[in-house]
Amino acid sequence: MTASDANVRKIGTYFRISEEMLADTPQLTSYLSARAPEKLLSVEDTQILSGNGTAPNLSGIITDAADFDTSASGAFYQSVESANEFDVLVATLNQLALSEYQADYIMLNPTDFHKILLLKDSNNSYLKDQVYAGLQPAFMGVPVVINTAISAGTFLAGNFGVGTQLWVRDNVGVEFFREDGTNVRDGFVTVRVSERIALTNYLPNAFVNGSFSTAKAALETP
């Protein structure tokens, strides 16, 4: 066993507000409560998923995850007729199962999720009716998380409960700066929102990621 580090990184974002808003405490408090967490969490989502590991970035789950198995040893390699996105997800869940992991989430870009819902069989019946259940999106019983932080055309599935952990070293901080860009001339104040976090990906093989186009080609019967 080899020890490894999970470096704490400072991530953040910023936006501008008027000087008048800064002087109105109730309005400012309400605006920041609604706006600041949303903008910071958007940056955090991208870092957690696909940070490249080079400072000041986290090493994201996708960066560390196992690739979809397109080798001849893959259980579904070149064995599926007219392979589609559902087939890719089934093969992905199988790859995880062969590594002794059971997926607790599938992550998809909204475009891919809704494209999958429109897939039909040869009788023009929606394929989703066979595997989609409940108000909470779920395929084959596995909850689906829809997020634009994952690129369209790609997928990520895994056991997030045991495979990764997010550490918060310093909670959300808010700072104000007048001396930024053209703020003084324009009458604005820059708001910087940041936090210090670390991400530990304990079990890379507990996650599988890939692109649908590559995966479908690998599954397709020659």
Relative contact order as a percentage, segment 158-222, C-alpha pairs under 8 Å and 6+ apart, gives 42
Mean Kyte-Doolittle hydropathy of 0.5 or higher plus an axial Cα length of 18 Å or more: which whole DSSP H helices in the chain meet both? 85-98
If I build a Gaussian network model for the chain, linking alpha-carbon pairs within less than 10 angstrom, which residue out of Asn124, Asn57, Asn159 has the largest mean-square fluctuation? Asn124
Using a Cα-Cα cut-off of under 14 Å, which aspartates and glutamates could be cross-linked to Lys120, ignoring same-chain neighbours fewer than 8 residues away? Glu85, Asp87, Asp129
Note on segment 27-68: contact order normalised by length, alpha-carbon pairs under 8 Å, 6 or more apart, percent, works out to 24
For segment 1-144, inverting the pair-averaged 1/r of distinct alpha-carbon atoms gives a Kirkwood value in Å of 19.2
Excluding residues fewer than 8 places away in the same chain, name every one of the lysines whose C-alpha is closer than 27 Å to that of Lys10. Lys39
SASA check, Asp104, accessible area w/ 1.4 Å probe, all protein chains in place, rounded to nearest 10 Å², comes out at 40
Leaving out ligands, DNA and RNA but keeping every protein chain, what accessible area does Glu20 have, in Å² rounded to the nearest 10, with a 1.4 Å probe? 130
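Taking the Cα centre of the chain as the origin, how large is its charge dipole in debye, to the nearest 20, when only Lys and Arg (+1) and Asp and Glu (-1) carry charge on their Cβ atoms?
That gives the chain a dipole magnitude of about 280 debye.
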As I understand it, the dipole of the chain uses +1 on the Cβ of Lys and Arg and -1 on the Cβ of Asp and Glu, about the Cα centre. Which of Phe139, Asn109, Val43 lies farthest toward its positive end? Val43
The size of the Cβ-based charge dipole (Lys, Arg +1; Asp, Glu -1) of segment 1-86 about the Cα centre, to the nearest 20 debye, is 340
By how many nm would the segment from Asp129 to Arg169 grow when fully extended, if each residue of separation counts as 0.36 nm and the alpha-carbon distance is taken off? 10.0 nm
Farthest toward positive dipole pole in segment 141-200 [+1 Lys/Arg, -1 Asp/Glu at C-beta], among Thr164, Thr148, Gly187: Thr164
Could you please state, rounded to a whole Å, how far the C-alpha centre of segment 16-72 is from the C-alpha centre of segment 80-156? 25
Just reorder Lys115, Lys128 by solvent-accessible area, largest first, 1.4 Å probe, all chains present. Lys115, Lys128
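Mind ranking Leu41, Leu203 by accessible surface for me, highest first, 1.4 Å probe?
I get Leu41, Leu203, largest accessible area first.
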Residue-span extension gain [Lys10 to Gln102] - 0.36 nm each, minus C-alpha spacing: 29.9 nm
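Quick one: order Val168, Val189, Val145 from most to least accessible surface, probe 1.4 Å.
Val168, Val145, Val189
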Anchor Lys115: lysines whose Cα lies under 19 Å away (excluding residues fewer than 8 positions away in-chain): Lys128, Lys216
Hull surface divided by four, with the convex hull built on the Cα atoms of segment 83-222: how many nm²? 13.1
In percent, how large is the relative contact order of the chain, given Cα pairs closer than 8 Å and 6 or more residues apart? 32
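The values are calculated or read from the model by the stated rules, or taken from the named source; none is laboratory data. None of the values given here were measured: they were computed from a predicted structure. Because the Cβ atoms are built from the backbone with ideal geometry, glycine has one as well, and the counts that use them run over all protein chains shown. Surface accessibility is based on the protein's heavy atoms, side chains included, excluding ligands, DNA and RNA. Shrake-Rupley method; radii C 1.70, N 1.55, O 1.52, S 1.80 Å.
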